[in-house]
Amino acid sequence: MTDSTSELNRLAEGLALAPQAFMQPPKETSTFVIFGASGDLTHRKLIPALYNLACAKMLPEGFHVVGFAVTPMDDATFREEMRKAVQKSKEVTEFRESVWNDFAQGLHYITADFEAPEGYERLQKLLAEIKTEHQVPDNRLYYLAIPPSFCRLVTEKLGEHNLVSPTGKQGEGWTRLIVEKPFGHDIASAQDLNAHIHKVFKEEQIYRIDHYLGKETVQNLMAFRFANSIIEPIWSRRYVDHVQITAAETLGVEHRGLYYEEAGCLRDMFQNHLIQILAIIGMEPPVRYGGSSVRDRKADVLRSIVPINPENLVEIAVRGQYGAGKAEGVVVPGYREEQGVNPKSNIETFVALKLFVDNWRWSEVPFYLRSGKRMNTKVTEIVIQFKRVPHMFFQLSQDDVMEPNQLIIRIAPDEGISLRFGAKVPGPSMRLRPVQMNFSYSETFNVQPATAYETLLLDAMEGDATLFNRNDAVELAWDVLEPLLEIWSATRPFHPFPNYAAGSWGPTGADQLMLKDGRSWRNPPDAPLLSRVNLENGHGGGTHV
Ligand code: BG6
């Protein structure tokens with residue numbers, strides 16, 4: 001028996017192995033250059049993710065990181081800052097001095113203006129030094145952790161200074177570019193940015209990151225759909241009543257008021273994360289799990305989304321903004337009182353939206369999407385609600401509640417999948433009650449899944465772009481939201497803001513959006529399984545029988 005077969009057998013026997021047991025570090029080493037290295041993302045996500053990879057021995061020999069930003073720092077200060085960031089990070093389970101010391105030796109910093117040539121000249125020099133001193137190939141991964149307005153400039157400068165090789169493929173000397181969201185501000189700016197970046201980088205070299213696509217459960221959604229034969233036949237308009245996608249946060253805008261005033265919830269969460277999840281739920285089976293196959297099928301879904309009709313907006317979209325309230329038991333201010341926010345701001349911190357995907361599989365099945373800041377519970381989940389049985393022949397009492405089947409795919413926290421179905425209550429009479437069958441990632445595999453950034457950074461180092469967005473996906477997502485963006489920026493909200501209290505489940509309009517269709521949101525954990533919504537003519541809401 002080979003090593004890998006015996007490992008798989010052990011897993012099959014229920015002896016959990018860390019996922020790293022099946023992973024190898026990237027075959028080729030590279031230098032990782034972060035533009036915007038003094039910012040929040042580098043502290044909170046990028047360096048902790050790289051450190052975690054170092055702990056798991058997933059970084060190749062000779063891997064170096066170069067921070068590039070305007071904030072003045074030398075290598076030693078940068079290393080010290082990053083050490084503190086890693087020690088503080090919730091995503092790092094254990095700080096190991098020896099791993100850190102090795103990792104920190106490969107950290108460098110360039111204080112530079114994005115505009116001036118000096119920074120790029122120093123970068124050329126430093127990359128050449130790393131190459132010669134450590135005998136590593138000329139592979140570079142540039143990470144743009146900077147606002148979209150700077151992305152054009154930095155890519156242009158990289159081109160001008162001959163810092164970009166013509167290939168993104170493994171082999172001698174590749175260059176890849178990872179671009180953070182938001183990718184543009186609207187369809188026109190996204191197209192413009194794509195056109196500009198394409199002057200310097202080929203599409204195969206560009207990795208547009210959406211960290212939701214690196215989440216274990218989002219990837220598992222594909223495994224669940226396409227590696228299990230019982231799922232495919234029921235995954236369509238024949239059996240599915242509707243789909244809910246919720247990304248609720250208890251946090252407010254924190255110190256990101258300035259950014260959020262420009263973005264709002266539609267740009268911050270819908271244009272990327274929620275629409276991407278919708279695409280994975282809706283996609284047809286790809287030919288293989290690889291670069292263009294998966295991305296082609298996702299793009300098909302985005303192309304099939306029924307355009308938002310501006311005249312029909314109140315029927316399908318609700319916006320909200322939080323006022324003061326309590327988040328996880330603590331009194332918190334309203335959005336308009338947050339730092340960096342206009343006290344009269346009409347920026348939305350909550351959106352609920354009903355979309356349709358007009359194709360053979362999904363015609364007339366509503367997809368309800370919602371996301372908001374300062375909501376009751378931190379939860380990201382997908383609910384696939386199935387149609388009710390055509391005829392209920394059990395003689396049930398008035399007290400019995402039969403809820404339709406629901407498949408709940410929990411992306412965070414407590415990653416897992418649950419199926420709700422009706423079961424007989426033990427006893428002499430025929431009584432039914434909804435029960436739940438659960439699969440929990442952490443219980444089954446006995447490990448915490450890798451963070452999204454770890455997964456995605458490794459993929460980019462390997463040259464696997466499957467979980468990154470192609471230019472068409474980004475532009476199509478903007479296209480879907482464009483009518484809403486235009487109208488909301490030009491009009492005042494129908495119900496004056498703030499229209500929901502921090503710590504609630506959002507504005508009542510969001511509940512109405514579903515109630516008028518005879519449906520209701522699943523709001524965990526308060527009403528997770530047995531929401532006793534009694535709707536006379538409901539399609540899918542709980543019904544007393
Ligand atoms: C980011 C948004 O993309 O996703 C943030 O900019 C949001 O506003 C975050 O808080 C949510 O991510 P997660 O992984 O915590 O659900």
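The values are calculated or read from the model by the stated rules, or taken from the named source; none is laboratory data. Computed from a prediction, not measured in an experiment: that's the story for all the values here. Using ideal geometry, Cβ is built from the backbone for each residue, glycine included, and neighbour counts are taken over all protein chains shown. In case anyone asks, the SASA skips ligands and DNA or RNA and just uses the protein heavy atoms, side chains included. Shrake-Rupley method; radii C 1.70, N 1.55, O 1.52, S 1.80 Å.
Summary of values
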read-out: In segment 480-498, the residues that are open to solvent by 40 Å² or more (accessible area, probe 1.4 Å) and either not in a helix (DSSP H, G or I) or not small (Gly, Ala, Ser) (or both); value: 486, 487, 491, 492, 494, 495, 496, 498
read-out: Qualifying residue in segment 91-98 (condition: open to solvent by less than 30 Å² (accessible area, probe 1.4 Å), at pLDDT 95 or above and of a type in the set (Gly, Ala, Ser)); value: no
read-out: Members of segment 56-104 that are basic (Lys, Arg) and at positive phi; value: 57
read-out: Condition check for residue 358: within 16 Å of the ligand (Cβ to nearest atom), free of Cβ contacts under 8 Å to residues at least 60 places away in the same chain and in contact with a helix residue (DSSP H, G or I) (Cβ under 8 Å, 6 or more places away or on another chain); value: no
read-out: In segment 426-453, residue most open to solvent (accessible area, probe 1.4 Å) [restricted to those that are modelled with pLDDT under 90 and of a type in the set (A, V, I, L, M, F, W, C)]; value: 430
read-out: Within segment 379-409, tally of residues that are surrounded by fewer than 20 Cβ atoms within 10 Å (Cβ to Cβ), at pLDDT below 95 and in contact with an Asp or Glu (Cβ under 7 Å, 6 or more places away or on another chain); value: 0
read-out: Odd one out for residue 230, checked against (1) part of a loop (DSSP other than H, G, I, E, B); (2) more than 16 Å from the ligand (Cβ to nearest atom); (3) touching an Asp or Glu at 6+ places or on another chain (Cβ under 9 Å); value: (3)
read-out: Subset of segment 70-91 (residues that are within 11 Å of residue 107 (Cα to Cα) and without any contact (Cβ under 8 Å) to a residue 12 or more places away in the chain); value: 76, 80
read-out: Residues satisfying the stated conditions in segment 176-212, i.e. touching a strand residue (DSSP E or B) at 6+ places or on another chain (Cβ under 7 Å) and either at pLDDT below 95 or aliphatic (A, V, I, L, M) (or both); value: 177, 178, 179, 180, 183, 197, 206, 209
read-out: Residue identified as open to solvent by less than 20 Å² (accessible area, probe 1.4 Å) and either of a type in the set (Ser, Thr, Tyr) or outside any helix (DSSP H, G or I) (or both) among 477, 465; value: 465
read-out: Some residue of segment 377-385 being within 16 Å of the ligand (Cβ to nearest atom), closer than 30 Å to residue 257 by Cβ and more than 19 Å from the chain's Cα centre (by Cα); value: no
read-out: Qualifying residue in segment 201-219 (condition: assigned to a helix (DSSP H, G or I), open to solvent by less than 60 Å² (accessible area, probe 1.4 Å), away from the ligand (no atom under 15 Å from the Cβ) and not hydroxyl-bearing (Ser, Thr, Tyr)); value: yes
